[in-house]
Amino acid sequence: MNMAWKEMKKNKGRFLILGSIIFLVSLLTFIISGLANGLSQDNAALIKDLPNGQFFMTKEANQTYNLSKISNKTQTSVLRKHKDAVAFSIQMGFINEGSGKQRSVAFVSSTASPLFSKVNKGEVVLDRSLESDGIKIGDTLTNNQYNGKFIVKGFVDQSKFSHAPVAFINIDDYKQIYRIQEMQLIFIPGGDSGETITGLKSFSKDQFLNTISSYKAEQLSLNMMVWFLVVISGMLFAIFFYMMNVQKIGLYGILKAIGVKTSVLFTMMWTQMIFITIFALTISIALGQVFNLIAPKGLPFSLTVGTTVQLSLTFLLIGFVGATLSGIQIKQVGPLQAIQQGEV
Amino acid sequence: MTIFTIDKVRKTFMNGEMKDEILKGINLSLKEGEVTALVGASGSGKSTLLTIAAGLQPASDGKVLFEGQNITAMNQEQVRKIRASKFGFVFQFAHLVPFLTVEEQLMLMLDVADTKLKKRQQKKEIAKILKLVGMEHRKDAYPASLSGGEKQRVAIARAIIHKPKILFADEPTASLDSKKSKDVMLLIRDLTKMLKMATLMVTHDEEMLSYADHVVKMRDGLVQ
């Protein structure tokens, strides 16, 4: 007999209250997680969308990429050894539209690589967000430190750094603007090969992302919120089932006296927990996806299926742990105790 | 025929450093179709004896033999199985499951006793027992809508639905008025005979003793 279902059917109000709290907490978690993902894309899509691999910058740079200057000799030797490696630099700067309007961009310049847009001298490839701001292919842009003019050659999707759209420029143009001969970073795709290069420090992709100070601070605070909410939902389950179990201690004792196995009582509680969680999660996932579709364009929001599945499984797991902890009383209650107690 | 024997059962509790002997070597036999009433003052050990006999707590010494098996020597799971399939329980309060209908309370007991009856057969059995206890018209009712007497009738139905060999009743009429108490006692006596069970009942109500075949008086942990 499905006692779990029968109890929920009889006490709809009680279980609906718990379900709606879990729904609200999980919806909030999905939305904050979507914002964390969105902001992380907005902050570092340029790096995040690269394949896994090793990033190198000079040891003297002390984990600050824009202080890194890799010597041409080292760069040439690494690029010769690793055919798919790329040296690149990122600098924040401005471009001026023909109308005089100034826009903040992240200038990116690299050696030849399929991982970065190929740009000739005097050309620029921009992040697509600038296209929706009115810039078109063929437009002419200028920079205060650059003698010539940039012709917009094209746009690329999802290419942002430090919340600014990326502007891919030729390496010679980059050297002219920033009066610098060296590149800041070398990237060797293909996972951690354990490669060491004299004078350079190696970083995995995640380690490198965390050297971007705004990225680390932003993600840390948002992820902390997400995990707090997950823990809160676990505590909600523990408190709710604890209170329910306290009310039912006498009943559990009597059921044990007549021969009901303790495992049956635990299964009943777990079934209820799983049902409530799935019910609440289904609604919050649906609403989260709707929000994903209707969120304003300027709002950095990205709720992927992977994140949704990961968070949903975490909710189920933490709900299970919370309910099980509160269920320890079920194991401890003795039939005698219940018989000596009054009516339940 | 004797189907249940309590043999030199002792129960000792530690009260601080002092040993408190609640039962001092009790012998008792229960026969098919008979109601045995245990009476005595508070603290005489009657409830302790009932719970040891029902396998709800262990004895300190002695044996409890059911159908030739010593249940005091069994592990918890073996005792649970016997409780579920061979024993029935009626308590002072009905202790019904609040979210199950009368019919579902009995279905639960059939499942717990592992009777392997199909749902249709279960319903048939339940209808029969509910008729016996005069509750067939309330099979879809929840406990909250039943009176005290009705609840106790359902509790009795739950205790006998799986055709137990022994019925343990701990003050089954204590929460009822005298009219309902008599009805319940009549029911227990009649069902004991009809189903050929042995009933062991604890009561402090002298009026209820007239429904018992045997009365065992207890005093200070001994049968008088």
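Couple of notes before you dig in:
Quick grid of which residues meet (1) away from chain A (no Cβ under 14 Å); (2) farther than 24 Å from B:Asp7 by Cα; (3) at pLDDT below 90; (4) open to solvent by 10 Å² or more (accessible area, probe 1.4 Å):
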{"residue": "B:Ile82", "(1), (2), (3), (4)": "no, no, no, yes"}
{"residue": "B:Lys86", "(1), (2), (3), (4)": "no, no, no, yes"}
{"residue": "B:Pro98", "(1), (2), (3), (4)": "no, yes, no, yes"}
{"residue": "B:Gln105", "(1), (2), (3), (4)": "no, yes, no, no"}
{"residue": "B:Gly134", "(1), (2), (3), (4)": "yes, yes, yes, yes"}
{"residue": "B:Arg138", "(1), (2), (3), (4)": "yes, yes, no, yes"}
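- In summary, B:Ile52 fulfils each of the numbered conditions (1) under 16 Å from B:Gln92 (Cβ atoms); (2) within 14 Å of chain A (Cβ to nearest Cβ) with the single exception of condition (1).
- Some residue of the stretch A:172-179 being closer than 25 Å to A:Lys48 by Cα and in a loop (DSSP other than H, G, I, E, B): no
Yes or no, residue by residue, for (1) at pLDDT 95 or above; (2) open to solvent by 60 Å² or more (accessible area, probe 1.4 Å):
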position	(1), (2)
A:Arg128	no, yes
A:Asp139	no, no
A:Asn143	no, no
A:His163	no, yes
A:Ile169	yes, no
A:Ile197	no, no
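- Search result, residues across the stretch A:188-216 that are assigned to a helix (DSSP H, G or I) and touching a helix residue (DSSP H, G or I) at 6+ places or on another chain (Cβ under 9 Å): A:Lys205, A:Phe208, A:Leu209, A:Asn210, A:Thr211, A:Ser214, A:Tyr215, A:Lys216
- Within the stretch A:238-251, being under 15 Å from A:Gln337 (Cα atoms) and either aliphatic (A, V, I, L, M) or within 10 Å of chain B (Cβ to nearest Cβ) (or both) holds for A:Val246, A:Gln247, A:Lys248, A:Ile249, A:Gly250, A:Leu251.
- Taken over the stretch A:10-48, the residue count meeting the criterion of being within 12 Å of the chain's Cα centre (by Cα) and within 14 Å of chain B (Cβ to nearest Cβ) is 0.
- Scan of the stretch B:25-84 for residues that are assigned to a helix (DSSP H, G or I) and either small (Gly, Ala, Ser) or at positive phi (or both), ordered by number: B:Ser47, B:Ala53, B:Ala73, B:Ala84
- Flag for A:Glu7 being within 14 Å of chain B (Cβ to nearest Cβ) and over 18 Å from A:Gly288 (Cα atoms): yes
- Selected residue (criterion: nearest to A:Val260 (Cα to Cα)) from residues of the stretch B:107-123 that are at the interface with chain A (Cβ under 10 Å from one of its Cβ atoms) and buried (at least 16 other Cβ atoms within 10 Å of the Cβ): B:Val112
- Taking the listed residues A:Met92, A:Met57, the one that is assigned to a strand (DSSP E or B), buried (at least 22 other Cβ atoms within 10 Å of the Cβ) and aliphatic (A, V, I, L, M) is A:Met57, with no other qualifying.
- Being away from chain A (no Cβ under 14 Å) and open to solvent by 60 Å² or more (accessible area, probe 1.4 Å) is a property that does not hold for B:Asp7.
- Checking A:Ser33, A:Ser40, A:Ser26 one by one, the residue that is touching an Asp or Glu at 6+ places or on another chain (Cβ under 8 Å), crowded, with 18+ Cβ neighbours inside 10 Å and of a type in the set (Gly, Ala, Ser) is A:Ser40 and no other.
- Unmet criterion (only one of (1) at pLDDT 85 or above; (2) of a type in the set (S, T, N, Q); (3) open to solvent by 50 Å² or more (accessible area, probe 1.4 Å)) for A:Gln184: (3)
- The one condition from (1) more than 30 Å from the chain's Cα centre (by Cα); (2) more than 14 Å from chain B (Cβ to nearest Cβ) that A:Lys261 does not meet is (2).
- Close pairs (9 angstrom Cβ cut-off, 6 or more residues apart or separate chains): touching a residue at least 60 places away in the same chain (Cβ under 8 Å) in the stretch A:300-314, surrounded by fewer than 19 Cβ atoms within 10 Å (Cβ to Cβ) and not in a helix (DSSP H, G or I) anywhere: A:Pro300/A:His163; A:Phe301/A:Ala295
- Wholly enclosed helices (runs of 4 or more DSSP H) of the stretch A:231-344 bearing at least 2 residues in contact with a strand residue (DSSP E or B) (Cβ under 8 Å, 6 or more places away or on another chain) and not assigned by TED's automatic domain parsing to the domain that holds A:Gly19: none
- Condition met for A:Gln63 (at positive phi, touching a residue at least 12 places away in the same chain (Cβ under 8 Å), within 26 Å of the chain's Cα centre (by Cα) and not in a helix (DSSP H, G or I)): yes
- Meets criteria (part of a helix (DSSP H, G or I) and in contact (Cβ under 8 Å) with a residue 12 or more places away in the chain) for A:Gln219: yes
The values are calculated or read from the model by the stated rules, or taken from the named source; none is laboratory data. Not measured: the values here are computed from a predicted model. Note that we place each Cβ from the backbone using ideal geometry, even for glycine, and neighbour counts take in every protein chain shown. Please note that ligands, DNA and RNA were not included when accessible areas were found on the heavy atoms of the full protein model with its side chains. Shrake-Rupley method; radii C 1.70, N 1.55, O 1.52, S 1.80 Å.
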